[in-house]
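The values are calculated or read from the model by the stated rules, or taken from the named source; none is laboratory data. Quick caveat, the model's predicted, so the values are computed rather than measured. For neighbour counting, all protein chains shown are included, and Cβ atoms are generated from backbone atoms with ideal geometry for every residue, glycine included.
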């Protein structure tokens, strides 16, 4: 029924274009930007069909009717890659429209908007041109501001529903939050990240042995919770298994479908679209209601399928009937992979789990993705219906994950590396203007996350070629959809989390990655890689056209020496030499000293002809 409703709404939306005609074209469109979290591209049938000709993942069964329908309604940029393979810098690149090496945001560091090189974020730009801006769900942009010598949070959306407060209000199935007391009893020591589950009756269950010890009246503790929700955790290689430590890779939600964290995001988003008067309430939070006289820019940040992987019981039970191919790590691959990649693998190692445990990880992950797909469908339906009712054009930008996710490929269940599974995140753009984004079109040219901000600003009527937007690193995807944008020979990215400082460059046939400095200290050794030995840069080279799973590291194969050197030089010149920025953000984002490296200005020209 949900898929049928989506089809009906899609047809209504298309027919509405003809009814509104010229008047609609003169209005700024409503914008909905949907972002999921740690979402593998192969969890979407339509993406698999575009890339391989088969709807199912190479691992097995996947289900995504609503996102599939988006690809029929709009244009899919199937070869999009993120700029950083971990949450915070990836989300920063989307919100700023800048590469990490241009923004100075490389990891999970807090950063401030007082630095001289900083520019307004996308929602701030949208507000400046008349939009009402709204965000609900995960944001992940750790932006601060300095006022009167004090560091404070920088509010970049006019209305931003605090998801942590939503969790403390009980609008969730799982959460982590700071607690000073539990059930009216003051804790001996406040706990900053106290893990808890919320039952359908609204009861909080705390997964912490110290809390249970302090409050004997609690009948449920870590052991009971692990058994009740069938939790499978990523165990620390040193400490091994723990009832309350390690991210949750499998389990069942404590809430039914629609009442989970993501379900509540969707419900409150729908409620916001129907809000009237001056106020909009989300539990203990009060925000401005929707302004029908303004165009709307909404950012819906889903948590799924990020850990904890807790699909609702009905989805979980259904997906447990499917068998999946379990990825295997070989000794040769582990020994020959770059040291920084091996560091990440060993930090999140899962190859020593049993096949039964690995199977459960896969089943629950894809079940969680399927559940999330149903929520995306609800959000899209509500947004289109609101836009039609308001007689306003609209655009939806759907981004499939802030980064990807490994499922024991290369030996780990995690992200952070330069392999394709961590960086490949397609984008779908659906618009009431089918000339901008034709229905059912598939663009195979490279796209990047830095394209999101210029695309949305251009759709809102802004001239992104003006001096005002000269800082933007990306392209307007509507030009790419219509063959009017330069074709990229490559994409680039850079991540520091877990692996340490590492950058990558990817072409249609190869991916090359390397360590770019010996430490993380801003301003130090910025050009280290230019003179470091080939061994010290820890190279990784994979020929993806013949080795699509990126197993065989060819970095030391003499046959590919020339290819490796070309890609190394281009990568160094771009991320280290083309106006690189580093900032001493400090532990609280209070730094403003900027360091620059600009020994190869203009190196990032999208051109790389390998010989």
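Please verify whether the stretch 373-387 includes one or more residues that are crowded, with 24+ Cβ neighbours inside 10 Å, assigned by TED's automatic domain parsing to the domain that holds residue 406 and closer than 30 Å to residue 504 by Cα. No, because not a single residue in the stretch 373-387 is crowded, with 24+ Cβ neighbours inside 10 Å, assigned by TED's automatic domain parsing to the domain that holds residue 406 and closer than 30 Å to residue 504 by Cα. If the condition is being touching a helix residue (DSSP H, G or I) at 6+ places or on another chain (Cβ under 7 Å) and within 20 Å of residue 175 (Cα to Cα), then the stretch 265-304 contributes 266, 269, 282, 283, 284, 285, 300, 302, 303, 304. Please verify whether residue 181 is surrounded by fewer than 14 Cβ atoms within 10 Å (Cβ to Cβ) and either outside the structural domain of residue 345 (by TED's automatic domain parsing) or in contact (Cβ under 8 Å) with a residue 60 or more places away in the chain (or both), treating the condition exactly as stated. Yes; evaluated as a whole, the condition is true for this residue. Residues that are touching a strand residue (DSSP E or B) at 6+ places or on another chain (Cβ under 8 Å) and crowded, with 20+ Cβ neighbours inside 10 Å were ranked within the stretch 349-363; the one that is farthest from residue 57 (Cα to Cα) is 349. Between 212, 259, the distinction of being in the same structural domain as residue 352 (by TED's automatic domain parsing) and either buried (at least 18 other Cβ atoms within 10 Å of the Cβ) or in a loop (DSSP other than H, G, I, E, B) (or both) belongs to 259 only.
For the stretch 288-301, state whether one or more residues are surrounded by fewer than 21 Cβ atoms within 10 Å (Cβ to Cβ), touching a strand residue (DSSP E or B) at 6+ places or on another chain (Cβ under 9 Å) and not in a loop (DSSP other than H, G, I, E, B). Yes, there is a match, as at least one residue in the stretch 288-301 is surrounded by fewer than 21 Cβ atoms within 10 Å (Cβ to Cβ), touching a strand residue (DSSP E or B) at 6+ places or on another chain (Cβ under 9 Å) and not in a loop (DSSP other than H, G, I, E, B). Tell me yes or no: at least one residue of the stretch 319-339 is under 25 Å from residue 175 (Cα atoms), out of contact with any strand residue (DSSP E or B) (no Cβ under 9 Å at 6 or more places or on another chain), assigned to a helix (DSSP H, G or I) and at pLDDT 95 or above. Yes, because at least one residue in the stretch 319-339 is under 25 Å from residue 175 (Cα atoms), out of contact with any strand residue (DSSP E or B) (no Cβ under 9 Å at 6 or more places or on another chain), assigned to a helix (DSSP H, G or I) and at pLDDT 95 or above. Of the strands (runs of 3 or more DSSP E) lying entirely inside the stretch 511-611, those containing at least 2 residues that are within 27 Å of the chain's Cα centre (by Cα) and closer than 26 Å to residue 487 by Cβ span 540-543.
Is it fair to say residue 593 is over 23 Å from residue 338 (Cβ atoms) and either in contact with a strand residue (DSSP E or B) (Cβ under 9 Å, 6 or more places away or on another chain) or without any contact (Cβ under 8 Å) to a residue 40 or more places away in the chain (or both)? Spelling it out, residue 593 is indeed over 23 Å from residue 338 (Cβ atoms) and either in contact with a strand residue (DSSP E or B) (Cβ under 9 Å, 6 or more places away or on another chain) or without any contact (Cβ under 8 Å) to a residue 40 or more places away in the chain (or both).
For residue 242, indicate whether it is at pLDDT 95 or above, in a loop (DSSP other than H, G, I, E, B) and over 18 Å from residue 363 (Cβ atoms). It is false that residue 242 is at pLDDT 95 or above, in a loop (DSSP other than H, G, I, E, B) and over 18 Å from residue 363 (Cβ atoms).
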